[in-house]
Structure formats: C-alpha cells, structure tokens
1. Looking at the range 104-116, I want the residues that are touching a residue at least 40 places away in the same chain (Cβ under 8 Å) and have a partner that is not in a helix (DSSP H, G or I) with Cβ atoms under 6 Å, at least 6 apart or on another chain. Which pairs are those?
2. Restrict the check to the range 74-93 and report whether at least one residue is closer than 27 Å to Phe16 by Cβ, within 15 Å of the chain's Cα centre (by Cα), assigned to a helix (DSSP H, G or I) and of a type in the set (Asp, Glu).
3. Can you confirm whether the range 4-22 contains a residue that is surrounded by 10 or more Cβ atoms within 10 Å (Cβ to Cβ) and touching a residue at least 40 places away in the same chain (Cβ under 8 Å)?
4. For residues that are surrounded by fewer than 16 Cβ atoms within 10 Å (Cβ to Cβ) and under 14 Å from the mean Cα position of the chain (by Cα), scanning just the range 48-60, find the one that is farthest from Ala93 (Cα to Cα).
5. Would you mind telling me which numbered condition in (1) of a type outside the set (A, V, I, L, M); (2) more than 27 Å from Asp18 (Cβ to Cβ); (3) assigned to a helix (DSSP H, G or I) Pro44 fails?
6. Tell me which of these Thr45 doesn't satisfy, since it passes every other one: (1) under 23 Å from Pro113 (Cβ atoms); (2) surrounded by fewer than 17 Cβ atoms within 10 Å (Cβ to Cβ); (3) touching a helix residue (DSSP H, G or I) at 6+ places or on another chain (Cβ under 7 Å); (4) of a type outside the set (Phe, Trp, Tyr).
7. Being within 14 Å of Gly107 (Cα to Cα) and either touching a strand residue (DSSP E or B) at 6+ places or on another chain (Cβ under 9 Å) or of a type in the set (A, V, I, L, M) (or both) is the filter here; which residues of the range 46-91 pass it?
Amino acid sequence: MITKIGRSLKAAFNGFKDVLVFEHVFRTMVIFAAIIITAMFYLPTTRTEKAIILVMIFAVLLIELVNSVIERVMDFVHPGHNEKVGEIKDLMASISLVTSLGALVIGLMIFWPYLSGLL
C-alpha cells in the first residue's frame, strides 16, 4: 500500500514540476502567491483573513492547473488550429481570469486597511 501512495505522490510531484517548467502563467502565479503569503504573515492579518487568502490562492492555482490540463488534452485530441478548440481554450482562460480577478478583489479588501495605514 505504501508503494501505491509513493507512486501516486511521485506522479503528482512530476506533474507539478512539469507545470512549473512548461507553464509560464502558472509559474508567475506561484511567484505572486509567495509574495502574497509573505505579506500575509508580515501584516497583522487575522486567522480568518489568512484562511481566506490561502483559499483564494489555491483556487487560482487549481483553476490554472485545470486550464493547463484542458489545453493539453485539446492539443492532443486535435493538433493544429481548430476554431472550436480555440473557443474551449478561450473559455478556460476566461475562467482563470474571473477567478484571478475575484482573488484580487478579495485580496484588496483584506490588505487595503493594513496597507493604507502604512502609507
């Protein structure tokens, strides 16, 4: 049983490494996440605020991972240019955008009172 768990973890880490190497947008989001987590611990945020920030970070990263998977599947199923595949990719990109904008709004709501006190 441990070997099954070990293989599963190895596959998951390989996938994570792959997305970090080949997906520029995901890598950028991870960098932003690290900056936001640093700010979260630097500023006197509450436990609830920290939890909300972490949920939003993981939501954005999760949606971007799903976006990457769907793009790769669509490229595998239909290599080359296809209008319908382009529409699907655009819809996934819009899901990522909406999630990121939601995270930005929530982040501003949480961080603004702390940052305005520093200015």
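No value in this document is a laboratory result; all are computed from the given coordinates. These figures come from a predicted structure and were not determined experimentally. We place every Cβ from the backbone using ideal geometry, glycine too, and count neighbours over all the protein chains shown.
1. Once the first residue is touching a residue at least 40 places away in the same chain (Cβ under 8 Å) and sits in the range 104-116, its partners that are not in a helix (DSSP H, G or I) give Tyr114/Leu43.
2. No: zero hits.
3. Yes, there is a match, as at least one residue in the range 4-22 is surrounded by 10 or more Cβ atoms within 10 Å (Cβ to Cβ) and touching a residue at least 40 places away in the same chain (Cβ under 8 Å).
4. Narrowing the range 48-60 to residues surrounded by fewer than 16 Cβ atoms within 10 Å (Cβ to Cβ): 48, 50-51, 54-55, 58-59.
Checking the rest, the ones that are also under 14 Å from the mean Cα position of the chain (by Cα) come to 54-55, 58-59.
Values: Leu54: 22, Val55: 20, Phe58: 17, Ala59: 14 Å.
Top of the filtered list is Leu54.
5. (3)
6. So the condition that Thr45 fails would be (2).
7. Ala51, Ile52, Ile53, Leu54, Val55, Met56, Ile57, Ala59, Val60
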